[in-house]
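Visitor: One structure, pasted below without further comment.
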Amino acid sequence: MGSFRQALSLGIIGVADMKFHTRMPVWYRQIRKMSSWSGEQIKDWQLRMLQRLVCEAYEHSVYYRGLFDELRLRPSDIKCFEDLEIIPPLTKEIIKERFDDILLDNSSKYHFSYGSTGGSSGVPLRYVKDNESWGFDNGFMLWMWQRTGYRYGDRYLALGSASIFPVNKTSVLHKMYYSLKNKVPFNAMDVSDSRLSECVDLITRQNIHYIYGYASSIYMLAKYIIRENIRDRFSVKACFPTSELLTDEYYRTIYDAFHCQIMNGYGANDGGIIGFRLNRERGFKLGYNCIAQVNYEESRTHDEGPVLVTDLTNLVFPFIRYDLGDIVKLADGYNDFHNGQVLEDVVGRKSDVIELENGHVLTCPGFTILFKDLHIKGYRMFKTGALEIVVDVVKDKGFVPSEEVLIVETIKKYSGQDCKVSVTYSEQLSRRENGKMFYYEK
């Protein structure tokens, strides 16, 4: 029965892959094989992939060819991971200024998609994601999720910010893909009691055993279940919180509500980094397709600092020593715990919610879906009164008054029409000590 189920899962993956050209089935099988390799074998594979990436970047990226020539560096000079430290970090500012120069001049031979992210830094970024990178990320995620008993095609609830805009439409291909995955979306921008009651009904009605979404959204759902004393209505096997810091309070509350396994996810599409921590394991097991390094030159301590990531599978838009914006602790990896790298802790991510007197509760990270497509350099949201929200914005070139209207109308859609939403403008936003911009503060 197990082998039949596995074959069915791979068959579903294959159908989706034909639509999106990700080679996910190939990467999934490769990851299964690599999971039994030694740490040294993993390093050898990563080094070969790194040398391929550096050569392609030098030959076909205007930005990297100029950078290497300026440093009097040849691709063949990169013989080990430590040699990467010769290359200056790739920042979000560089990407915004040199986007076309970073993109390979032979990009037409690749399958890729354009993406953008606001992230917890509040700084919108446009980038290109190689479908190979996307395929590896999803193959590794599947391999990790299976540790909880999940199998591809099992129905799961996705608590996110889908359909935040009434005008947004999901393509037919994506609808087919989500249908194959058996993904059940639920908009968790507003996690008021009425919405959480609807969510509970959906879980029980569709007999859902797995829940994926923002850490704060799953936490608010768990709090509601405990408060309403309805734990016995569920048979959830695993929760997959992502995008935000899973605090001890969040972890305890989620476990108390569901008594299930908790697979905490960490990652960033723009950097190609992905990692998972099951229950109380001692760190995030990182995917083999990314090299993570700490920029100790910008660190104030010896054991943590800004993470620099190199995506080994994104050839079309090379992310080499990319400054993701997170502060992390890297643990010793490539051992019995995990034959790849291990992320001991993520210091620089914050998760919060805004609770309003009218009963609406907003998960702030979801609004990055709104801000990432506007002409702004940064933003932050904070509550100033019982029914008052202020959005502080740094304008970018091209910002028009209609974008302010869109900000107000979208936030009022989820905060309630009786909530006063106003927009203010600043020259720059204050930063936390770890360098991250506030995207929300009370």
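Visitor: Heavy atoms of the protein only, probe of 1.4 Å, neighbouring chains included. What is the accessible area of R233 in Å², nearest 10?
Guide: 110 Å²
Visitor: Pick out, in residue order, every one of the GluC sites (Glu not before Pro) in segment 277-348 that is DSSP loop and has at most 15 other C-beta atoms within 10 Å; say none if there are none.
Guide: Hits after loop and neighbour filter: E281.
Visitor: Here's another thing I want to ask about it. Express in Å², to the nearest 10, the accessible area of Y250 obtained by rolling a 1.4 Å probe over the protein heavy atoms while all chains stay in place.
Guide: Ignoring ligands and nucleic acids, Y250 comes out at about 20 Å².
Visitor: With every protein chain left in place, what is the accessible area of S116 in Å² (1.4 Å probe, nearest 10)?
Guide: Roughly 40 Å² of S116 is accessible to a 1.4 Å probe.
Visitor: Could you sort W27, W143 by accessible area so the largest value comes first, with the probe set to 1.4 Å?
Guide: The residues order as W143, W27, largest area first.
Visitor: Which of the three applies to segment 249-315, rounded, prolate or oblate, going by the alpha-carbon gyration tensor with a ≥ b ≥ c and a/c under 1.5 meaning rounded?
Guide: oblate
Visitor: Quick check: Cα centre of segment 31-92 to Cα centre of segment 206-241, how many Å?
Guide: The distance from the Cα centre of segment 31-92 to that of segment 206-241 comes to 42 Å.
Visitor: Multiply the residue gap between R48 and S197 by 0.36 nm, knock off their C-alpha separation, and tell me the result in nm, one decimal place.
Guide: 48.5 nm
Visitor: Among A268, T247, N279, whose Cα projects farthest towards the positive end of the dipole of segment 228-291, with charges put on the beta-carbon of Lys, Arg (+1) and Asp, Glu (-1)?
Guide: Looking along the dipole axis, the top candidate is N279.
Visitor: Could I ask something else about it? Using +1 on the beta carbon of Lys and Arg, -1 on that of Asp and Glu, and nothing else charged, what's the dipole of segment 22-108 about the Cα centre, debye to 20?
Guide: For segment 22-108, the charge dipole is close to 620 debye.
Visitor: Looking at segment 242-291, which trypsin sites (Lys or Arg not before Pro) are in a loop (DSSP not H, G, I, E or B) and have at most 12 other Cβ atoms within 10 Å?
Guide: R280, R282
Visitor: Which of the pairs K183/K413; K33/K372; K96/K183 have their Cα atoms more than 30 Å apart in this structure?
Guide: K33/K372; K96/K183
Visitor: Next question. Tally up the carbon and sulfur contribution to the accessible surface of segment 229-291 as a whole percent, 1.4 Å probe, everything protein left in place.
Guide: That share works out to 42 percent.
Visitor: Quick check on segment 51-163: take the gyration tensor over C-alpha atoms, sort the square-rooted eigenvalues as a ≥ b ≥ c, and tell me if it's rounded (a/c under 1.5), prolate or oblate.
Guide: Prolate, because a/c is 1.5 or more and a/b exceeds b/c.
Visitor: Accessible area of segment 28-68 with a 1.4 Å probe: how many percent of it is carbon plus sulfur?
Guide: Carbon-and-sulfur percentage of accessible area, whole number: 47.
Visitor: Rank these by accessible area, largest first, 1.4 Å probe: F81, F371.
Guide: The residues order as F81, F371, largest area first.
The values are calculated or read from the model by the stated rules, or taken from the named source; none is laboratory data. From a predicted model like this one, the values you see are computed outputs, not experimental measurements. Reconstructed Cβ throughout: ideal geometry from the backbone, glycine too, with neighbour counts over all protein chains shown. Calculation scope for accessible area: heavy atoms of the full protein, side chains included, ligands and nucleic acids excluded. Shrake-Rupley method; radii C 1.70, N 1.55, O 1.52, S 1.80 Å.
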